[in-house]
Each structure stands twice: as structure tokens, then as C-alpha cells.
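Asks: What follows is a single structure, and I will ask about it in a moment.
The values are calculated or read from the model by the stated rules, or taken from the named source; none is laboratory data. Just so it is clear, the structure is predicted and the values come from calculations on it, not from any experiment. Note that we place each Cβ from the backbone using ideal geometry, even for glycine, and neighbour counts take in every protein chain shown.
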Amino acid sequence: MLQRLLVLFNERPASFHTLLYYTDDQQDSNIGNFNVVSGATTYNLQLQPGSKIVWENISIRVNPNPVPTVPGQTRILEAGEHSTQSHTPYTVPLDLPISSPYSREYYTSSFEDSNLESTTETILTGDVHTSSVPIISGIPSGYLASVKYKIKSLDLTFQILAPIAKTVRLNTSAFVLELFPRCRFDIISENLGNFPVTWKSDGVFQDQGSVSILNSISALPNPVDINPYQNANLYNLILENFRQQDRILYQTGCNLF
């Protein structure tokens with residue numbers, strides 16, 4: 001009976017915020033203007049007003065705590081310790097019954113981010129535009145296992161200012177990115193937990209292997225449309241940049257927040 005009460009206590013509903021900050025990698029106040037080296041050429045780009053991202057949602061999975069804890073007491077985990085119902089410290093538990101609150105994903109509602117080039121606040125890493133991502137509520141206490149970023153559509157316009165003048169319009173269909181936390185993010189009912197991630201706009205046009213994305217764009221007629229139907233080769237390379245860890249979606253250091 002006591003064990004069951006402890007389990008119920010540790011499954012108390014909690015809330016969690018998947019914080020998302022838009023910026024570039026230039027560490028200045030103009031977060032929409034940045035340089036990208038493509039091949040041997042440095043390009044200066046400006047993210048244009050009107051750019052927006054429509055999010056289907058952001059979802060999380062939660063791992064149960066290794067051992068139920070007594071209310072009012074704290075138990076320190078040993079390095080590498082994790083629940084017997086999860087396979088590594090921060091990955092998704094795969095062997096939970098369907099009835100378990102830890103066997104499902106928990107979602108935000110849909111939302112939209114725009115004015116990505118404008119600064120809304122300054123955090124420890126510099127100036128950023130803070131996403132309107134809603135808080136996820138009603139999740140069981142435990143620790144974060146994974147986060148899925150589900151983009152419904154992405155509509156970004158960039159102006160290449162130097163060494164050439166060119167407009168680039170990037171439009172994507174729906175796609176999903178998943179991150180696994182590098183350190184432990186606790187989810188408890190007493191406090192609002194968070195998982196801060198930075199969206200680095202300068203990573204969109206980084207070269208993929210031997211292919212210079214911006215050099216390829218510079219050879220095309222102005223304006224350049226990149227989507228699943230136009231310049232599909234460049235579109236696929238840009239999607240690879242999204243999938244590459246820390247290139248666009250970057251996990252902010254665990255000790256900063």
C-alpha cells in the first residue's frame with residue numbers, strides 16, 4: 001500500500017515549458033543579420049519581416065523516476081542511474097504498459113512564431129526572439145526523455161546583401177525534428193520545468209559536405225524559391241541541416257538555466 005501511495009505521489013501532474021529562442025551566431029543585437037561562409041566566400045544575409053513558422057505542436061516524453069521518493073525528502077541519483085523502465089538515462093521508455101502515464105506523448109497546442117528578426121529579450125547567451133510556444137500541463141512527474149518539434153510549415157525570406165544581392169524564399173512542408181536531452185531535466189509538480197533550445201538562423205544555409213548551398217543559390221536567377229517543387233536539391237540539403245544536431249536547433253548548455 002505504501003509503495004502504491006508513493007507511486008501516485010510521484011505521478012502528480014506537473015507543467016513543463018519547451019523554451020525556444022530564435023537568434024543567429026553573431027552575438028550582436030541584430031539577430032536577423034548574420035554571415036555564413038559558403039565554400040571560400042562569406043555571405044551576409046538578412047532575415048526579412050513577414051517570415052514565420054507555423055508549429056503543429058511540440059511534444060515531450062517523460063521517464064519515471066528510478067525509485068519513488070518520500071514526500072519532503074530528497075534522493076540524489078548516482079551517475080548514470082535511471083529507471084528500470086527506460087533503457088538509458090534520458091531515452092524514451094519502450095517497455096511501459098499502455099495504461100502508464102509515461103507511455104504517451106504530451107503536446108502543446110498549435111502556435112505560430114513571426115517577427116523572428118526582432119529582439120524580444122536578452123538571456124545569458126545574448127539577444128533573442130522568444131517563441132510563443134505554450135506550456136505543457138498535466139504531465140506526470142519524472143524527468144525529460146525526448147522532445148519532438150513538429151513544424152507544419154516554414155515560410156522564411158532572406159535577403160543576401162553581399163557579395164551579391166539576391167532574395168531567397170524558403171518554404172517547407174511539414175516535418176519533425178527530435179532532440180534527446182544531454183543532461184537530466186526534472187519534471188516536478190512544485191516547479192515549472194523547462195528545456196531551453198536555441199534556433200540558429202545562420203545554420204539554415206551551412207554547407208552540406210562538398211556542396212556549397214549559398215554558392216549554388218548565387219548562380220540562380222533572382223528571386224530564388226526553395227521548396228519541395230522548386231530547387232528540390234537545395235531544399236533537401238537544407239532539411240539535412242535541420243536534422244544535423246546543433247546546426248539549427250541547439251541545446252543550450254545544461255548549466256546556463
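Asks: In the range 207-226, what count of residues is obtained for those that are surrounded by fewer than 21 Cβ atoms within 10 Å (Cβ to Cβ) and closer than 28 Å to Ser131 by Cα?
Replies: The total comes to 4.
Asks: Taking the criterion of being of a type in the set (Ser, Thr, Tyr), touching a Ser or Thr at 6+ places or on another chain (Cβ under 6 Å) and crowded, with 17+ Cβ neighbours inside 10 Å, would at least one residue in the range 157-179 satisfy it?
Replies: yes
Asks: If you don't mind, there's one more thing I want to ask. How many residues are within 18 Å of the chain's Cα centre (by Cα), hydroxyl-bearing (Ser, Thr, Tyr) and at pLDDT below 95 if we restrict to the range 19-57?
Replies: So the answer is 1.
Asks: Please enumerate the residues belonging to the range 139-176 that are part of a strand (DSSP E or B), of a type outside the set (A, V, I, L, M) and closer than 17 Å to Arg243 by Cβ.
Replies: Ser146, Lys148, Tyr149, Lys150, Thr172, Phe175
Asks: What number goes with the only condition from (1) surrounded by fewer than 12 Cβ atoms within 10 Å (Cβ to Cβ); (2) modelled with pLDDT of 95 or more; (3) farther than 12 Å from Asn171 by Cα that Tyr229 does not pass?
Replies: (3)
Asks: Right, another one. Using the structure shown, decide if Asn227 is in contact with a strand residue (DSSP E or B) (Cβ under 9 Å, 6 or more places away or on another chain) and in contact (Cβ under 8 Å) with a residue 40 or more places away in the chain.
Replies: yes
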